[in-house]
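Student: This is the structure, below, for whatever I ask next.
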Amino acid sequence: MTIKTVLCAIDINRPEAEAIVLRRAHKIAEAEGAQLDVITVVPDYGMSVVGGYFDEKHTQKAVEHAHALLCDAVGKVLGEEANAACRHVVAVGKAYQEILKVAEKDEADLIVLGAHDPDLSDYLLGPNAARVVRHTKASVYVVREV
C-alpha cells in the first residue's frame, strides 16, 4: 500500500504529550514521501446545551486560537520547514467525527493518533481512538503514551 497522505490528530491542549504522536506521523510521512496533515478539534460552543453561555463569535475565536497553537506546536516539534510543508486543520465538533470527516475528505491513507493508558471505561483504547479505528476506511497507527 502506498501512503500519499498521513493525517495526524493531536490534542492541542496537551502539546508536550502529543509531541511523540506528531514526531511519529512526520517520520512515517517522510519515509513514504507523503503529505502530512495535522488536525486538532475544538468543541462546538454553539451547541444547544452550551450555546447560551457563549457569544456568537466564541467558536470563531476558539478556532483562530487553536490554529495559532497548532502551527506553533508543529513548528516547535518538527521545525519550521516541516511546519510550512504540512497542512494545518482545525475542525469544530466531536473529535472522532471530525477526524473521520477530514480523513475521508482528504483521502488520508493513514491516520496517526495517540491513546492514553486505558482504564476500565476505555478498556483498550481511549474513546476517540477506538471510534476512529472502528469507523475509518484508512489504516490507523495508534501511538501509546509512554
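The values are calculated or read from the model by the stated rules, or taken from the named source; none is laboratory data. All values derive from a computational prediction rather than experimental measurement. Neighbour counts are summed over all protein chains in view; Cβ atoms, including those assigned to glycine, are modelled from backbone coordinates with ideal geometry.
Student: Counting residues that are of a type outside the set (S, T, N, Q) and either modelled with pLDDT of 95 or more or farther than 21 Å from ALA19 by Cα (or both), which strands (runs of 3 or more DSSP E) fully inside segment 44-146 reach at least 3?
Tutor: Here the list reads 87-92, 110-115.
Student: Taking GLU30 as the residue in question, decide whether it is modelled with pLDDT of 95 or more, part of a helix (DSSP H, G or I) and either touching a helix residue (DSSP H, G or I) at 6+ places or on another chain (Cβ under 9 Å) or of a type in the set (Phe, Trp, Tyr) (or both). Outline the logic, then answer.
Tutor: Details: modelled with pLDDT of 95 or more: yes; part of a helix (DSSP H, G or I): yes; either touching a helix residue (DSSP H, G or I) at 6+ places or on another chain (Cβ under 9 Å) or of a type in the set (Phe, Trp, Tyr) (or both): yes.
Yes, satisfied.
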